[in-house]
1. Taking the Cα centroid of the stretch 7-39 and of the stretch 100-124, what is the distance between the two, rounded to the nearest whole Å?
2. Mind jotting down the distance between the C-alpha centroids of the stretch 216-245 and the stretch 129-157, whole Å?
3. Quick one: pull the percent of accessible area on the chain belonging to carbon and sulfur, 1.4 Å probe, ligands and nucleic acids left out.
4. Per 0.36 nm of contour for each residue apart, how much would the distance between ASP155 and ARG39 grow if the chain were fully extended, relative to their Cα-Cα spacing?
5. From the phi of every residue in the stretch 204-218, what ³J(HN,Hα) in whole Hz does the Karplus formula 6.51 cos²θ - 1.76 cosθ + 1.60 yield, where θ is phi - 60° and glycine or proline is x?
6. Say a site is exposed when it is one of the GluC sites (Glu not before Pro), sits in a DSSP loop, and has at most 14 other Cβ atoms within 10 Å; what is then the longest site-free stretch of the chain?
7. Using 0.36 nm per residue, how much length does the chain from VAL135 to HIS172 gain when fully extended, once their Cα-Cα distance is taken away?
8. Quick one: if you stick a label point 7 Å off each Cα along the C-beta vector at GLN263 and GLU51, how many nm between them?
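The values are calculated or read from the model by the stated rules, or taken from the named source; none is laboratory data. Quantities reported herein were computed from a predicted structural model and do not represent experimental measurements. Glycine gets a Cβ as well: all are built from the backbone with ideal geometry, and neighbour counts include every protein chain shown. Accessible surface is based on the protein model in full, side chains and every heavy atom, while ligands, DNA and RNA are left aside. Shrake-Rupley method; radii C 1.70, N 1.55, O 1.52, S 1.80 Å.
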Amino acid sequence: MISGVDIIGRERRNILLVTMDSLRFDAAAEASRRGLTPRIVGFLSTERWEERRTPGTFTFPAHQALFAGFLPKLYTPEQPPRLWECQPPAGKPVHPTTLVLPAADLLSGLRALGYLTLCIGGVTYFSSETPLGSVLPRMFDQAFWQPLYGSTEPDSTRHQVDKVLALAQEHHDRPVFMFLNISATHVPLGHYLPAGHGPDSVEAQIAALSYVDLHLGRLLDALPETGDWLVILTSDHGEAFGEDGFTGHGIAHPTVLKVPFAQLLTP
């Protein structure tokens, strides 16, 4: 169990939160089983993903919940203590290891503790191209997005990770909350298939995650050089590829609700 009170409230450890957009739990687990994500799996403390349930069925509500302090939950009656929580109402019990932030959202609470909050966007909800696409980026001290980070760019994760590493080096002298929304696992996915094209499918998402592993692994390997980190890897939601007639997300189908999750400390 990781204590938010200790590692964030007292130690001021850097935080990296990564959402691999639209990544289904079964796709992540199968990629791991086939040995297609060796860098990510090698970094996981248990060498496997936890199966959790998303707080939202598409990008916007899922991230609103994440940035309000609600991480994906285990699908069990009993839940582990929360890592952090925005100020609860009077009388609500809080576990002694849970960091209580006297703020309306996670980012404001961390900012009050001295954290610099940084966003490296991926899908268009982080692009600031529209009023709605500006809501989430505006929550951060600094937000970065360009078309090369988007889901139509086949090499998006490389560009995103380059930016994360540059920012980590630039701000090594203060605690940072770094958020990375990886767009490569979001449709369109066909360009990651061996033929270089094909339909969006579980197999295509597995291929996309194998590509992500190369660059996310590069990031995870380099992080200890910039300080001590709490790393949270998850997905905002999954994706239906025709199961029961459903396609896409924004629907309460099991393929959308089940997400991979892992959290660990470096070094």
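1. Cα centroid of the stretch 7-39 versus Cα centroid of the stretch 100-124: 19 Å apart.
2. Centre-to-centre distance over Cα atoms comes out at 17 Å.
3. Numbers: 6210 of 11200 Å².
Carbon and sulfur atoms account for 55 percent of the accessible area of the chain.
4. Numbers: separation 116, 0.36 × 116 = 41.76 nm, distance 1.76 nm.
Extra length from ASP155 to ARG39 when fully extended: 40.0 nm.
5. Using θ = phi - 60°, the values come out as 5, 5, 4, 4, 5, 5, 4, 5, 4, 4, 4, 8, 5, x, 4 Hz.
6. Working: sites that count: GLU11, GLU47, GLU78, GLU129.
My reading of the result: 130-267 is the longest stretch.
7. Values: separation 37, 0.36 × 37 = 13.32 nm, distance 2.72 nm.
This chain segment gains 10.6 nm when fully extended.
8. Rounded to a tenth, the inter-label distance reads 2.1 nm.
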